[in-house]
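The values are calculated or read from the model by the stated rules, or taken from the named source; none is laboratory data. Since we're looking at a predicted model, the values are computed, not measured. Counting neighbours? That spans all protein chains shown, and the Cβs are built from the backbone with ideal geometry, glycine included. With ligands, DNA and RNA removed, areas are computed over all heavy atoms of the protein, side chains included. Shrake-Rupley method; radii C 1.70, N 1.55, O 1.52, S 1.80 Å.
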Amino acid sequence: MSVKVETLEKNMAKLTIEVPAAEIEKAMQAAFIKNKNRFNVPGFRKGKVPRQMIEKMYGKGVFLEEAVNSVLPDAYEQGAKESGLEIVSSPEIDFDQVEPDKDLIFTATVAVKPEVTLGAYKGLEVPKTEIVVTEDDVMAEIKREQEKNAVISSVERPVQKDDQTVIDFEGFVDGEAFDGGKGEDYPLTIGSGAFIPGFEDQLIGAEIGKEVEVNVTFPEDYHAKDLAGKPAVFKVTVKEVKEKNLPELDDEFASEVSDFETMAEYKADVEKKIRERREANAKTMKENAAVDAAIANAQMDIPDAMLKTQAANLVNDFARRMQQQGLSMDQYMQYTGMNEDAMLEQMKPQALKQIQTRLVLEAVADAENIQISDEDMDKELEEMAKNYQMEADKLKSFMGEEEMKAMKKDMAVQKAIDLLTETAVEVEKAEEKEETEKTEAAAE
């Protein structure tokens with residue numbers, strides 16, 4: 001097999017790949033063996049027709065298409081490897097020669113990895129993030145835990161705010177019942193805002209088993225246009241009332257929902273965890289800001305084919321996630337009114353950001369001569385092995401040369417992120433700085 005490389009504009013290249021006729025003949029013979037039972041020729045038993053007879057009746061190229069299709073993937077993969085190019089897109093295949101008894105000649109137009117011209121990437125200014133955890137933050141989290149541990153019990157009394165009710169209802173406009181206005185055994189929490197404004201408030205004081213009338217007006221922007229802005233009367237019967245009893249926020253509560261014996265210890269732990277989350281979030285924001293600044297200072301020409309390939313990868317990832325949730329892409333597109341082209345277009349900004357990020361970080365790793373030592377690799381494999389609950393040596397035995405190479409590149413990229421983040425200079429946002437200056441001036 002031979003490969004010729006032609007460099008094109010905008011980081012594109014064309015590979016011309018020739019596959020010897022002998023290989024195509026071998027693939028055609030395999031196609032014949034696979035399909036010979038499909039042919040019926042008078043005078044021959046099924047499956048016993050000679051290949052020459054089939055080709056005489058149906059043409060010499062009867063098995064050519066299947067042969068080419070079987071040979072093409074490996075031929076392209078081998079040609080791409082021999083080209084020495086760092087290909088970053090799916091190939092666009094065109095055929096120059098497809099004939100029996102002749103070499104197969106095809107071209108593959110591909111995008112190649114763009115060169116990156118780095119600008120400044122160390123000492124970049126990024127917004128400063130203050131880590132503040134207030135008493136209100138702590139209590140808000142504790143109250144969420146309190147809500148989780150609430151006891152719900154049925155009560156025999158009129159409806160009050162925050163009660164959980166079960167109701168039957170039917171709505172009327174101009175004395176006529178309307179579609180979608182009727183419900184039975186409907187669960188409704190009073191004050192949740194699940195119904196149109198005014199509905200839930202008018203149920204406060206309603207008694208179990210007694211019908212009440214609720215007078216409301218549909219909002220002007222109501223989704224059912226025939227009801228928008230119209231007054232309506234709902235006949236409602238409350239069938240059940242449940243109240244929520246919250247536990248006291250005391251030492252007993254703390255001991256039940258945490259590993260601590262006192263409320264003071266529990267609050268201190270909640271504050272610590274909130275602070276840790278916010279510190280992790282601030283670290284991520286600083287990393288993103290530093291990388292974004294480095295991208296803004298860099299120059300690169302992203303070929304369209306590379307962008308399309310990355311967008312397609314994102315669509316495929318999304319499809320796999322949908323499949324895990326029991327929803328096919330056809331169903332998703334039907335529900336959302338999207339099509340494949342629209343989804344690809346929607347994914348392009350995210351795809352572009354991912355490409356730019358990776359290219360710049362790889363360029364930084366090269367510029368800084370970031371190397372991954374065997375010790376670094378061993379530590380990473382140890383961490384991975386823990387996650388998979390297996391021995392590091394066994395995990396390593398499953399990984400081929402290409403996987404190890406990709407892993408080293410990923411680790412170098414992470415070290416590049418660390419470099420950008422550690423050297424970045426945090427500065428106050430303009431509006432925050434102005435507010436600080438005003439506060440300081442007022443204090444003077």
Long-range amide H contacts for residue 104: which residues qualify at under 5 Å (H placed 1.01 Å from N, peptide plane, sequence gap of 5 or more or a different chain)?
-> 19, 21
Comparing 362, 383, 176 in a Gaussian network model of the chain (Cα, 10 Å), the one with the largest mean-square fluctuation is 176
Roughly how much of residue 211 is accessible, in Å² to the nearest 10, using a 1.4 Å probe?
-> 120 Å²
Amide H neighbours of residue 12 under 5 Å, counting only residues 5+ apart in sequence or on other chains, H built in-plane at 1.01 Å?
-> 112
Relative contact order (percent) for the chain, with alpha-carbon contacts under 8 angstrom and 6 or more residues of separation?
-> 17 percent
Hey, could you pull the Cα Rg and Dmax for region 256-310, both in Å?
-> 21.4, 61
If you roll a 1.4 Å probe over the heavy atoms of the protein chains, what accessible area per residue do you get for the chain, in Å²?
-> 63 Å²
Rounded to one decimal in Å, the inverse mean reciprocal Cα-Cα distance for the chain, i.e. its Kirkwood radius, is 30.5 Å
Please report, in debye to the nearest 20, how large the charge dipole of the chain is about its Cα centre when each Lys and Arg carries +1 at its beta carbon and each Asp and Glu carries -1 there.
-> 3100 debye
With helices defined as uninterrupted DSSP H runs, which ones in the chain have an alpha carbon span along their own long axis of at least 27 Å and mean Kyte-Doolittle hydropathy of at least -0.5?
-> 340-367
Interchain or long-range residues, amide H under 5 Å from residue 90's placed H | 309
Violations at 28 Å Cα threshold for listed pairs 273/429; 182/225; 148/210; 308/409; 122/308; 286/409 -> 148/210; 122/308
3J(HN,Hα) from dihedral phi, region 390-399, Karplus parametrisation 6.51/-1.76/1.60, rounded to Hz, x for glycine, proline = 8, 6, 4, 5, 5, 4, 4, 5, 7, 9
From the backbone phi of region 176-184, what are the Karplus-calculated ³J(HN,Hα) couplings (6.51 cos²θ - 1.76 cosθ + 1.60, θ = phi - 60°) in whole Hz, Gly and Pro given as x?
-> 10, 5, 10, 4, x, x, 10, x, 10
Accessible heavy-atom area order of 163, 317, 201, highest first, probe of 1.4 Å = 201, 317, 163
Just by accessible area at a 1.4 angstrom probe, what is the order of 7, 109 from largest to smallest?
-> 7, 109
Hey, rough spin-label estimate for residue 102 and residue 36, points 7 angstrom out along Cα→Cβ, what's it come to in nanometres?
-> 2.8 nm
Residue-averaged 222 nm ellipticity for the chain, from DSSP H runs of 4+ at -39500 (n - 2.57), nearest 500 = -16000 deg cm²/dmol
Give me the net charge of residue 243's neighbourhood, meaning all other residues with Cβ under 14 Å from the Cβ of residue 243; Lys, Arg count +1, Asp, Glu -1.
-> -1
Return, for the Cα atoms of region 1-121, the radius of gyration and Dmax in Å, separated by a comma.
-> 19.6, 80
For the charge dipole of the chain, defined by +1 on Lys and Arg C-beta atoms and -1 on Asp and Glu C-beta atoms about the Cα centroid, which residue among 53, 180, 357 has the Cα displaced farthest towards the positive pole?
-> 53
Fluctuation leader among 142, 208, 274 - the chain, Gaussian network, Cα springs under 10 angstrom = 208
Could you please state how large a percent of the accessible area of the chain is carbon and sulfur, counting protein chains only and using a 1.4 Å probe?
-> 46 percent
Run down the lysines and flag those whose C-alpha is under 19 Å from the C-alpha of residue 102, throwing out any fewer than 8 positions away in its chain.
-> 4, 26, 56, 60
